[in-house]
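First the structure, in the form of structure tokens, and then the observations on it.
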Amino acid sequence: MKFKEKNIQIILVIITVLMTVFRFLLNEKGRTSPDSIRFMHFAKVFPVIDNTITPLGYPLSIKFFTFFGFDEFWSSKIVGLAALAFILIFTYRKNFFFREALVTCSLFSLVSLFSFTMSEALILPFVIGFLYISSQIIIGNLEKGKAIFYLTISLILLYNIRYSALFLMGGTGLYGLIFWKKKHASSFIISGILAGIFVVLYKLFFIDYFNENYVKESLEMGLHPTSQLLKELFWGLCTTFNPFIHMANPNGGIINYGIYGLGLVNILLMIYFFIIKPLSETEVYFIFIGIFGIICSFFIQYFYPVNAIDFRLLSAFSLPIWLVYFRKIFQRFEWKTYAIGFLSICSGLFFTLLSKGNYLENRKEVKQFLKNENLENKPIKFYLEATEDLENIQIAELISTVNADLDITFKPSDTLQKNTLTKHKVLQKIKIDKNKYQ
């Protein structure tokens, strides 16, 4: 049985890696988003600090691989694949939730993240490291000064990749306060406080230095009504914890009932398994930190502009919950649990083929266009009328994968400049293969 399971694991690793590559190659713009433009531009112009909207961690990881001859786009894909490899190798070597991590990483939602030019791809392996350190403290393998040092460093590293790691800091400290009678409680409390002090210093010496009005400009009360946020929370949770499909049709339709329904059933199954199967102290912590992060992600929407809750925003908090969930399923069904990973890959492959684009062909077209316009290695601006101009910004995303030195402009006067591109300027000279099912 062990030999059989090892073969299953090897096959699942191979098809997960292949699916991650297919996911961005069979996409018309290589799995990028408007935020991807900012990340790649940040990496391109560093050591110039492009903005303080994002921490330095992800752009610098992209920058690192550019030293080996890759451009910013391909570097971002290497970061995603390296993140996937780290999780699997680390959990295997440490004998730390390896089987559970393998199935979790094979979920179509995680595959989509590893193939995406977004910081979630990088934060997930650091979340694994953070969970491992926390578990070692809980079981007593790390104590006192060492425990505080490693846990604090892991929290600081997480914050330097995504600001939402602030919720992990808060959850860590709160866990220590709730279970203050435990021997290890002080390590969690002190680490949470020290990491919080770093956040304050980071704000004073980094964010304020480059943009002293950032926090003031970002905070805005009453952004969305509670009724809307609660609906989006339900939709977000049902897609985040749907093991097969992590997105719904934005135009509505009967298919969404199936997607949300399957996610809801899975959430109920999670609760069932967590109740009937005894939870270890480590598992309790994983669930606690995950739920706390989800709750904070909900309430932050009242005064900080973020996208509606979805699988991407909740990935760092859903990961520990998935690990515990799959451990309980493995305890019940053993090696048959791998079927979930294979089925998720199959559903992802079907979706990818259904909505496929041809990134390499589009890249070739854009590269030739920029060469003809003498903009291949020069700073570019792309004009949009508004940030909601999603169809046009997709062209900018595609162009940024070839030349990352691209900025978005909303000034009509900029269109008179030769280095400012518009949808019309681009599409009158090239044809882009588009996904029909956007």
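The values are calculated or read from the model by the stated rules, or taken from the named source; none is laboratory data. Remember, predicted model here, so these are calculated numbers, not experimental data. Note that each Cβ is placed from the backbone with ideal geometry, even for glycine, and that neighbours are counted across all protein chains shown. The area values use the complete protein model at the heavy-atom level, side chains included, leaving out ligands, DNA and RNA. Shrake-Rupley method; radii C 1.70, N 1.55, O 1.52, S 1.80 Å.
In table form, for the structure just shown:
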quantity	calculated
Mean separation of Cα contacts under 8 Å (6+ apart) over length of region 309-438, as relative contact order %	28 percent
Relative contact order of the chain, pairs being alpha-carbon contacts under 8 Å that are 6 or more residues apart, as %	23 percent
Tensor-based shape of region 8-56 (alpha-carbon gyration tensor, a/c under 1.5 rounded, otherwise prolate or oblate)	prolate
Residues whose placed amide H lies under 5 Å from that of F382, excluding near-sequence neighbours	D407, I408, T409, L421
Distance in nm between pseudo-label sites at N95 and Q368 (7 Å out along the Cβ direction from Cα)	5.7 nm
Rotationally averaged projected area of region 119-252 (alpha carbon convex hull; nm²)	11.1 nm²
Charge context of I340, other residues only, Cβ under 15 angstrom, K/R +1, D/E -1	+2
Net charge dipole size for the chain [Lys, Arg +1 and Asp, Glu -1 on Cβ; Debye, nearest 20]	1260 debye
When the convex hull of its Cα atoms is projected in every direction, mean area for region 204-313 (nm²)	9.7 nm²
Angle in degrees between helix 226-240 and the longest Cα principal axis of the chain, rounded to the nearest 10	80 degrees
For region 290-368, alpha-carbon Rg relative to the globular expectation (2.2 N^0.38 Å, N residues)	1.60
Inverse of mean 1/r across different Cα pairs in region 98-193, Kirkwood, Å	14.1 Å
Among H41, A121, F206 - extreme Cα towards positive end, dipole of the chain, charges at beta-carbon	A121
Equivalent ellipsoid semi-axes, the chain, via Cα gyration tensor eigenvalues times 5, rooted, Å	36, 27, 21
Dipole in debye (nearest 20) - region 78-196, about Cα centre, beta carbon charges: Lys, Arg +1; Asp, Glu -1	380 debye
Length released on extending from A339 to K231, taking residue separation times 0.36 nm less the Cα-Cα span	35.8 nm
Percent accessible area from carbon and sulfur atoms, the chain, protein chains only, probe 1.4 Å	66 percent
Cα centre as origin, Lys/Arg/Asp/Glu Cβ charges: region 130-229 dipole, Debye	540 debye
Accessible surface, region 121-227, averaged per residue in Å² (probe 1.4 Å)	51 Å²
Cut-off of 10 Å, at most 12 other beta carbons, DSSP loop: longest stretch of the chain lacking such chymotrypsin sites (Phe, Trp or Tyr not before Pro)	181-302
Net charge over other residues, Cβ less than 14 angstrom from the Cβ of Y58 (K, R count +1; D, E count -1)	+2
Solvent-accessible area per residue for region 356-410 (1.4 angstrom probe, square angstrom)	49 Å²
Efficiency of FRET between C346 and F206 - r from beta-carbon atoms, R0 56 angstrom, step 0.05	0.80
Mean separation of Cα contacts under 8 Å (6+ apart) over length of region 228-362, as relative contact order %	31 percent
Per residue, in Å², the accessible surface of region 291-350 once ligands and nucleic acids are set aside, probe 1.4 Å	40 Å²
Low-density loop positions, GluC sites (Glu not before Pro), region 57-143 - DSSP coil, at most 15 other Cβ in 10 Å	E143
Cα-based helix-to-principal-axis angle, 359-372 vs the chain, degrees rounded to 10	40 degrees
